[in-house]
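Worksheet: one structure, shown below.
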Amino acid sequence: MNELITFKGSNDGLILVITKKANFNQIKEALSKKLASCSNFFEANTTILLKDDKFSQEEQNILADILKQYQLNLKIVTVDKTATNQHCSAQNPPLIIKRTVRGGEEIFSKGSIVIEGNVNPGAKIIAGGNIDIHGHCRGIVYAGAYGDINSYIIADKLSPLQIRIAHLIARAPDNSENITDNKKSSTPEKAIICDNTIILEPFNREN
């Protein structure tokens, strides 16, 4: 069953997507539940985009008030429908970042993201496709932002604060940092969805 409320990454930021076959009361309830279930995923004062072809001004204000409860800002914009419905494809080449991503930074891409450096705590990476980190991942990573359950996340050292693929979310255990640091000859790891669960498996970059 498709979720009524989803957040999709775009070049402009995060877009709030709402299924049209629902009344406003259902939308309000779904938005509140969605935000409550992933409140730690969003940085304070993140702007959430919403296309303006559906809701009245009063309804927009109600949605904005719900978002404000989680320190999120609603911005009403006219969004190209072809852009919001576009999934990761050959038209979206990988975004390559040749540096460490510092805490507080947010990187979005419709396609895949390759980072040649570390992802520090407090950093957030959101990709419509896959994420490949040639370094230590300790931030928040979200692959398959358009709902692609076949997306994956690779890192030389994978100990993120939060990891998400499509609709599934996993959090690192409290001692994950220590476990990772104690691995003297660690190998890259790949996070994938298997049996509706995010799992980690060894990954060989030479293959």
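Enumerate the pairs (first residue in segment 1-26 and at pLDDT 70 or above; second residue anywhere and of a type in the set (Phe, Trp, Tyr) and not in a loop (DSSP other than H, G, I, E, B)) with beta-carbon separation below 6 Å, excluding pairs fewer than 6 apart on the same chain, so at least 6 apart or on different chains. So the pair list comes out as Leu14/Phe7.
What residue, of Ile126, Ile96, is surrounded by 16 or more Cβ atoms within 10 Å (Cβ to Cβ) and either modelled with pLDDT under 95 or outside any loop (DSSP other than H, G, I, E, B) (or both)? Lay out the reasoning, then the answer.
Numbers: Ile96 fails: surrounded by 16 or more Cβ atoms within 10 Å (Cβ to Cβ).
Being surrounded by 16 or more Cβ atoms within 10 Å (Cβ to Cβ) and either modelled with pLDDT under 95 or outside any loop (DSSP other than H, G, I, E, B) (or both) holds for just one of Ile126, Ile96, which is Ile126.
Of all residues in segment 196-207 being more than 17 Å from Asp148 (Cβ to Cβ) and exposed (fewer than 10 other Cβ atoms within 10 Å of the Cβ), which is modelled with the lowest pLDDT? Step by step, filter segment 196-207, then rank; the result is Asn207. Restricting attention to segment 104-121, the residues that are closer than 21 Å to Phe7 by Cβ, free of Cβ contacts under 8 Å to residues at least 60 places away in the same chain and small (Gly, Ala, Ser) add up to 2.
The set of residues in segment 129-161 being among the small types (Gly, Ala, Ser), within 12 Å of the chain's Cα centre (by Cα) and outside any strand (DSSP E or B) consists of Gly129, Gly139, Gly144, Ala145, Gly147, Ser151.
The values are calculated or read from the model by the stated rules, or taken from the named source; none is laboratory data. What you see is a predicted model; the values in this text were computed from it and never measured. For neighbour counting, all protein chains shown are included, and Cβ atoms are generated from backbone atoms with ideal geometry for every residue, glycine included.
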